[in-house]
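No lab work stands behind these numbers, since they all come straight from the coordinates. Model, not experiment: these values are computed from the prediction. When we count neighbours, we look across all protein chains shown, and the Cβ atoms used for this are built from the backbone with ideal geometry, even at glycine.
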Amino acid sequence: MAAPNAPPPFSASTVEMVCRALGEAVRGHQIANLIAVLKVSEDASEARNTKWKRLFNAVAAAQNRQRDGRPLLRLVGEVMQPVRFESPDEFEAHRVAVSERLLLSGYRVREDGKVARVPRATTLSEAQQRADALRAELARRDVHSDVLHFCRAELVQQNYFHAVLEACKSVAEKLRDLSGAQGDGASLVDAACSLSSGPIVAFNALATEWERSEQTGLATLLKGVFGTFRNPTAHAPKVLWATSRRDALDMLTLASMLHRRLDAATVRKR
């Protein structure tokens, strides 16, 4: 019997779409334990089915028994625990994929992996747009997790202006942490990365003219990012500094590259 305030059973097509997405997020040996969470028993023949089909059959059986939609939401919450995934980027890609399918029924997967109610999307295109389309594209580009972390709230709100600002802040903060240098913008880069300062943060061995040139080039790129994107957005009115979706994607991808180079850099004696 359905519990009070429980959601009604989901349609077979919705259960199938969600289970297909969940099947991509789990491994075969995990299916039996996930089905056990729903208190459904499997026939031996079920083991020959695909992952999504086994999940689908289990949810359908549990929904028929309970006469409500809780089994599907329980399964989503179980699969989408962030600890199950090897990286934040992997989790994010699956979170978006599952949310796209749930939005038509008025649910989405939050950033902590839990299922939340949201206004019901009326069309698939609307659902895809509302399912953090920008973040899905960033995940497809394999953007550094630090960029996604600093931009999380802004990207969910489709706020490109602040997403660009936070991405720049994240690069500067990592550079400060690595080098121990203070300041901001060009002065921070000079103190941490310029050849005349040591440098404290070295992007390579600095043994050849080419390597020293690369060091200078990356330092110049950091200055350009801070000067072009961070300084104007920090001081200009939002209406005067319109950041398009295309520019935001390019900037966040560039910030990702800088994060990776900083991760691989050598910190020399301060």
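Taking the square root of 5 times each eigenvalue of the Cα gyration tensor, what semi-axes in Å does the equivalent ellipsoid of region 33-82 have, largest first? All intermediate terms of the calculation are to be shown ahead of the outcome.
Values: eigenvalues 56, 40, 15 Å².
Equivalent ellipsoid semi-axes, largest first: 17, 14, 9 Å.
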Simple SL model, points at 7 angstrom along Cα→Cβ for residue 176 and residue 27; separation in nm is 4.1 nm
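Using 0.36 nm times the number of residues separating residue 246 and residue 122, minus their current alpha carbon distance, what extension gain do you get? The partial results should precede the final answer.
Numbers: separation 124, 0.36 × 124 = 44.64 nm, distance 2.61 nm.
Between residue 246 and residue 122, full extension yields an extra 42.0 nm.
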Rounded to one decimal in Å, the inverse mean reciprocal Cα-Cα distance for region 1-137, i.e. its Kirkwood radius, is 15.1 Å
With axes computed from alpha carbons, what is the tilt in degrees of helix 145-156 against the longest principal axis of the chain, rounded to the nearest 10 within 0 to 90? 70 degrees
Nearby lysines by direct alpha-carbon distance to residue 51 (threshold 29 angstrom, same-chain neighbours under 8 apart not counted): 39, 114
Of the chain, which part is the longest with no GluC sites (Glu not before Pro) in a loop (DSSP not H, G, I, E, B) and with at most 14 other C-beta atoms within 10 angstrom? 87-270
Extension gain, residue 207 back to residue 266 (0.36 nm per residue minus Cα-Cα distance, nm): 19.9 nm
Expected sort for 171, 201 with the fewest Cβ neighbours (10 Å cutoff) up front is 171, 201
Proximal lysines relative to residue 269, as straight alpha-carbon distance under 24 Å, when same-chain residues fewer than 8 apart are discounted: 174, 223
Considering the Cα trace of the chain, what is its radius of gyration and what is Dmax, both in angstroms? 23.5, 75
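Taking 0.36 nm per intervening residue step and subtracting the Cα-Cα distance, what contour gain separates residue 37 from residue 142 on full extension? Could you put the intermediate results ahead of the total?
Details: separation 105, 0.36 × 105 = 37.80 nm, distance 3.23 nm.
So the chain would gain 34.6 nm between residue 37 and residue 142.
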Calculate how steeply helix 160-179 sits against the longest principal axis of the alpha-carbon atoms of the chain, using the helix alpha-carbon long axis, and give the answer as 0 to 90 degrees to the nearest 10. 60 degrees
